[in-house]
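Student: Below is one structure. I have some questions about it.
The values are calculated or read from the model by the stated rules, or taken from the named source; none is laboratory data. Since the structure is predicted, the reported quantities are computational estimates derived from the model, not experimental observations. Glycine gets a Cβ as well: all are built from the backbone with ideal geometry, and neighbour counts include every protein chain shown. With ligands, DNA and RNA removed, areas are computed over all heavy atoms of the protein, side chains included. Shrake-Rupley method; radii C 1.70, N 1.55, O 1.52, S 1.80 Å.
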Amino acid sequence: MGETERSGSYKRKRDEVDYEIVTTTQWLDGWPSSAIDKNNCSSGSSNIRDALPLVDLRSYEQFHKIHLHTNNATPLIVNLPLETLLSGERACELPPRHVEFAILVPSTYTDLFSSRNSQCSIHNLFFASKSSATQQSRKPWLVRQVILETEHLWNEERLRNNIKSSTDKSCENRSSALSFHPLPRLWKPDPLVSSGLLPLLKQYCHQRTPCTVFDLGSGAGRDVCYLAEETKAFYHNSILQQQAKKQNNKHQYDQFPLHFVGVDNHKGSARRCEPLWRNHMIDDITTSHLLNLNKLDLVNDCFTNTLFNDQTATNEKIQPAVFIYAIRFLNRKLLSYIANSASRNDDIDHERPPLCLPIGTIMAISHFCKPTKTSEWNFDHPKVSNVLDRDELNTLFGNKSDDKKWTILKDDICHDGDHGRTLVQFIARKIA
């Protein structure tokens, strides 16, 4: 495991994982064929050199005191303190394991990291091929470049004007009554979330329509995080600023109309979701709810929970809208229950668990799906039994009879980002 010099940097091997110790200049010079999403690169992009996203492993206090900064939107620089990754608090904010990135090692760890000591927590976190908790094999993260923090590094970058500190006006609190800015992310939401759901939720914000948004099978809560951050930014930076101008800054602003509920039956979901939402400053508009989604009576209680509704309703006469989505989570019994829901209490068949959803309710699904009606499923995961038929959702929500309850807004096929599997992007609105 010797060191070899390459382009002024050092290439090291440990557990068959390659990375280079580089300067900030070498990091900014880029890495061949790197991209946040490799699938966005064309087949002829092997000579493209983009700077890798950088994970700064220093503490919050160290980061806010001084950190690297470029005048461009890229590369991404994200502060994920090592302690929060080791504890699992912010581990879900690391990029997917097929995405290449760089890390900035705190000065307190540089000697241990450089010695390639087996007790180095950074090496064990990013490069180990076996989980320390479960002892199961795993794919290491693709850390391609490593920057070691030194005093010389900050002196050099200060001369290049590539740093910011807590004394800079641009480092002030990213949230105020009239402004809010999402944190940079090393991950991307599902395409349905960014291109399908976000525009609809912005309409609710623009119309100031109270709405409870349910994420079924929310997992680590990243889709909730994305939607909550983006809608909060839209509401604060666009709508409230316009309102302030009309009111001559009287500081009487409407309440944010959306509340997001991450619903999951895993007891550990809240432990992952809540720190993520708190760190992204959306914990005031999000709730984690533990629920067995196979128990339909409990699902009904969740959708009609006055506690959630009270979070958004500013007028007792206005019934909050309901917005439900499921991303790569499939429960056919639950989907059928939602599809056959009534819109008024007197329409409910009391011989089965009642579900009453208001007219205008949105139901959105992104899940693995066969690309055509006659296609086979040629992937090992998920199993074909957990894959939707091409017309399954259309048939369920697009009933052609006289008692049609839903109108379909979107029913498209796309591919996932890393394996080429097909997914359906489906949105329906309740009309009866």
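Student: Can you tell me how many residues in segment 13-28 are modelled with pLDDT under 90 and either of a type in the set (Lys, Arg) or open to solvent by 20 Å² or more (accessible area, probe 1.4 Å) (or both)?
Tutor: 5
Student: Of the residues that sit in segment 177-215 and are small (Gly, Ala, Ser) and open to solvent by 50 Å² or more (accessible area, probe 1.4 Å), which one is farthest from Val143 (Cα to Cα)?
Tutor: Filtering first and then ranking leaves Ala177.
Student: Another question, then. Restricting to segment 134-159, give me the number of residues that are of a type in the set (S, T, N, Q), outside any loop (DSSP other than H, G, I, E, B) and open to solvent by 40 Å² or more (accessible area, probe 1.4 Å).
Tutor: Going residue by residue through segment 134-159, those that are of a type in the set (S, T, N, Q) are 134-137, 145, 150, 155.
Next, only the ones that are outside any loop (DSSP other than H, G, I, E, B) stay: 137, 145, 155.
Subsequent filtering for residues that are open to solvent by 40 Å² or more (accessible area, probe 1.4 Å) retains 137, 155.
Within segment 134-159, residues that are of a type in the set (S, T, N, Q), outside any loop (DSSP other than H, G, I, E, B) and open to solvent by 40 Å² or more (accessible area, probe 1.4 Å) number 2.
Student: Looking only at segment 48-68, count every residue that is part of a loop (DSSP other than H, G, I, E, B), closer than 22 Å to Glu20 by Cβ and open to solvent by less than 70 Å² (accessible area, probe 1.4 Å) and tell me the total.
Tutor: Adding up the residues that qualify gives 5.
Student: Still on this structure, I have one more. Taking strands (runs of 3 or more DSSP E) that fall entirely within segment 361-432, which contain at least 3 residues that are touching a strand residue (DSSP E or B) at 6+ places or on another chain (Cβ under 9 Å) and without any contact (Cβ under 8 Å) to a residue 24 or more places away in the chain?
Tutor: Filter on segment 361-432 gives 406-415.
Student: Counting residues that are modelled with pLDDT under 85 and either open to solvent by less than 60 Å² (accessible area, probe 1.4 Å) or farther than 17 Å from Cys356 by Cα (or both), which helices (runs of 4 or more DSSP H) fully inside segment 224-341 reach at least 1?
Tutor: Where helices (runs of 4 or more DSSP H) fall fully within segment 224-341 and carry at least 1 residues being modelled with pLDDT under 85 and either open to solvent by less than 60 Å² (accessible area, probe 1.4 Å) or farther than 17 Å from Cys356 by Cα (or both), they are 241-246, 306-312.
Student: Turning to a different aspect of this structure: So which of Pro354, Pro358 is more than 26 Å from the chain's Cα centre (by Cα), closer than 24 Å to Asn340 by Cα and open to solvent by 50 Å² or more (accessible area, probe 1.4 Å)? Even if it seems obvious, please write down each step before you answer.
Tutor: Details: Pro358 fails: open to solvent by 50 Å² or more (accessible area, probe 1.4 Å).
Pro354 is the lone residue from the list that is more than 26 Å from the chain's Cα centre (by Cα), closer than 24 Å to Asn340 by Cα and open to solvent by 50 Å² or more (accessible area, probe 1.4 Å).
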